[in-house]
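Participant: Quick one: this structure, given as structure tokens, is what I'll be asking you about.
Bear in mind that the values in this text are calculations on the coordinates, not laboratory data. Worth saying up front: this structure is predicted, and the values here are computed from it rather than measured. Every residue, glycine as well, gets a Cβ built from its backbone with ideal geometry; the counts of neighbours run over all protein chains shown.
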Amino acid sequence: MKQKSRIGRRENSNRRAYVFLFPYLLLFGIFIIIPVVIAIGLSFTNYNAIEFPGFVGFLNYINLITNDEIFMQHVLPNTVAYAIIVGPGGYILSFLLAWALAQLSKLPRTIFALILYSPSLTSGIAMTVLWKVMFTGDQTGYINSWLMSLGVINEPIIWLVNTRYLLPIVIFIGLWSSMGVGFLAILAGILNSDETLYEAAAIDGVKNRFQEMIYITIPNMKPQMLFAAVMSIVGAFQNGTISTQLAGNPTPSYAAQLIVNHVEDYGFIRYEMGYAAATSVALLGIVWIFSSISKKMFAED
């Protein structure tokens, strides 16, 4: 009888858990699973948002790889360059800044954490308005004014039209705004580290902060590191707001065109929804590959 009562309590506990999970599962299904399934389905069709979708098989994917010169020559290289620099770069920067802040007392740490986190809280429009003022292409632009006063340049540079500078500007702004929830997760992980481990490491011969970081801090906060890595990768690949707000869509000569901008171009400007869906599925696959690599790197032993 006691065993049956324990089983009954366990079953009731499981039911309560499912009740609490149900709102999350419902929202996850509505806003994640269903849109992904619809996008995959539409990627095999020719759909213009007005007429009924017509099945075309893998034609959209074939055109994306073999016929879309803009995608292969501009969009994909731009996205890879942006993701390689902003993803790992923002991740490393988040860790180093979080580790540095953890060495401060509570009040200055809180103030600096809010300052670093604030760019990720602002909307894309508000953020790019600030940088558009900074990179205005005449003498009133702050960057031009500073460079001319220092004698670096003799005449203003039209930053947001010049294809040489546009992508580096987008990458720079992406790094500036990369201190998001991953940064907070790393900071929380460092602050909640077990102090006894550091005391034991000091006895075993660890002599400085850098050795503590390598041998104690990083190995003992793999969940936070994994979360930050995934968020950094996803953020790097899905961020197309910066280039759109700075230079429009498409950007001049596609100099800063990312995959997300390519999807918006075909989906909401040209209304080639099937092709846009195929591009978004390709982006989803790229994100999944890099996220899987991150999971293997920070998997628990």
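Participant: For the chain, give the magnitude of the charge dipole about the Cα centre (Cβ charges: +1 Lys/Arg, -1 Asp/Glu; no others), in debye to the nearest 20.
Facilitator: So the dipole magnitude of the chain works out to roughly 1360 debye.
Participant: Taking Cα centroids, how far is region 53-117 from region 179-223 in Å?
Facilitator: 25
Participant: Assuming R0 = 22 Å, can you tell me the calculated FRET efficiency for the pair S292 and V80, based on Cβ-Cβ distance, to the nearest 0.05?
Facilitator: With a Förster radius of 22 Å, E is 0.80.
Participant: Another question, then. For a quick check: sort E199, E272 by the number of other beta carbons within 10 angstrom, fewest at the front. Working shown, then result.
Facilitator: Values: E199 11, E272 18.
Ordered from fewest to most neighbouring Cβ atoms within 10 Å, E199, E272 come out as E199, E272.
Participant: Looking at the calculated P(r) for region 141-188, what percent of the C-alpha pair distances fall above 17 Å? Provide the component values of the computation, followed by the final result.
Facilitator: Values: 619 of 1128 pairs.
So the pairs more than 17 Å apart make up 55 percent of the total in region 141-188.
Participant: Can you pull the semi-axes for region 174-248, root of five times each eigenvalue of the Cα gyration tensor, sorted largest first, whole Å?
Facilitator: In descending order the semi-axes read 35, 11, 9 Å.
Participant: Same structure again: How would you rank D68, D138, going from fewest to most other Cβ atoms within 10 Å of each one's own Cβ?
Facilitator: Arranged by neighbour count, lowest to highest, D68, D138 become D138, D68.
Participant: When the convex hull of the Cα atoms of the chain is projected onto a plane and the area is averaged over all directions, what value comes out in nm²?
Facilitator: Hull-based average projected area comes out at 24.6 nm².
Participant: Let me check against my output: what whole-number percent is the relative contact order of the chain, with C-alpha pairs under 8 Å and at least 6 apart?
Facilitator: That works out to 28 percent.
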